[in-house]
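The structure appears right after this line, and notes come after that.
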Amino acid sequence: MDECNMDGERGMDDGSMDDCNIVTTRVLDAPRGRVFAAFSDPEQLAQWWGPEGFTSTFQGFDFTAGGAWTFVMHGPDGTTYPNESHFVDIVPGERIVFDHVSGHAFRATFEFTDADGKTRLRWTMHFGDPAECAKVARFVAGANEQNLDRLAALLRRAP
């Protein structure tokens, strides 16, 4: 792979290895406030966060700038993946930014915009280390799509 910038909607973006982003976009069939709530409410978030077949056990979820989110993802094969992230910026209904500080280090930015009664979600994972980005890019884009499939399913069944 020559570049790390990936976009789930448009394919490879133009970009350099010095600015390594994996970008996934999706239009979700729910209003922005509803989609934001699925991210900000730990009971909802635990129902969809993680690729297909994974479950999550939340240990802490302080949804404030400077707050921590700690949880364990449980893979379908029984493998556990401890996770820790620190919220950097939260603008209700518009943006969530956190630094994932365990395992693969990256900054995640979720941007929510209106799209004709639906919500356009742009999920950017920024890796400061291009080698780290290249290492995970092969599986992260697909895993992110699975996450968003699970989110879309949650949005369909919950008002």
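Can you give the Rg/Rh ratio of the range 112-159, where Rg is from the C-alpha atoms and Rh is the Kirkwood radius?
Rounded to two decimals, Rg over Rh is 1.10.
Divide by every residue of the chain the summed helix terms, -39500 (n - 2.57) for each DSSP H run of at least 4, and state the resulting mean residue ellipticity at 222 nm, rounded to the nearest 500 deg cm²/dmol.
It comes out at -9000 deg cm²/dmol, rounded to the nearest 500.
For the range 53-142, evaluate the Debye formula with one uniform point scatterer on each Cα (no solvent term) and list log10 I(q)/I(0) at q = 0.11, 0.21, 0.22 Å⁻¹, rounded to two decimals.
With one equal scatterer per Cα and no solvent, log10 I(q)/I(0) is -0.37, -1.19, -1.23.
With +1 on each Lys and Arg Cβ and -1 on each Asp and Glu Cβ, and nothing else charged, work out how big the dipole of the chain is about its Cα centre, in Debye to the nearest 20.
600 debye
For the chain, what class follows from the C-alpha gyration tensor (a ≥ b ≥ c being the square roots of its eigenvalues): rounded when a/c is under 1.5, otherwise prolate if a/b is larger than b/c, else oblate?
rounded
Please find, in a Gaussian network model of the chain (springs between Cα atoms separated by less than 10 Å), the residue of 111, 145, 43 whose mean-square fluctuation is greatest.
43
Excluding ligands, DNA and RNA, what is the solvent-accessible area per residue of the chain at a probe of 1.4 Å, expressed in Å²?
50 Å²
Relative contact order (percent) for the chain, with alpha-carbon contacts under 8 angstrom and 6 or more residues of separation?
Across the chain, relative contact order equals 27 percent.
The values are calculated or read from the model by the stated rules, or taken from the named source; none is laboratory data. Predicted model, so just to flag it, every value in this text is computed and none were measured. Reconstructed Cβ throughout: ideal geometry from the backbone, glycine too, with neighbour counts over all protein chains shown. To get the accessible areas, we keep the full protein, side chains included, count just its heavy atoms, and leave off ligands, DNA and RNA. Shrake-Rupley method; radii C 1.70, N 1.55, O 1.52, S 1.80 Å.
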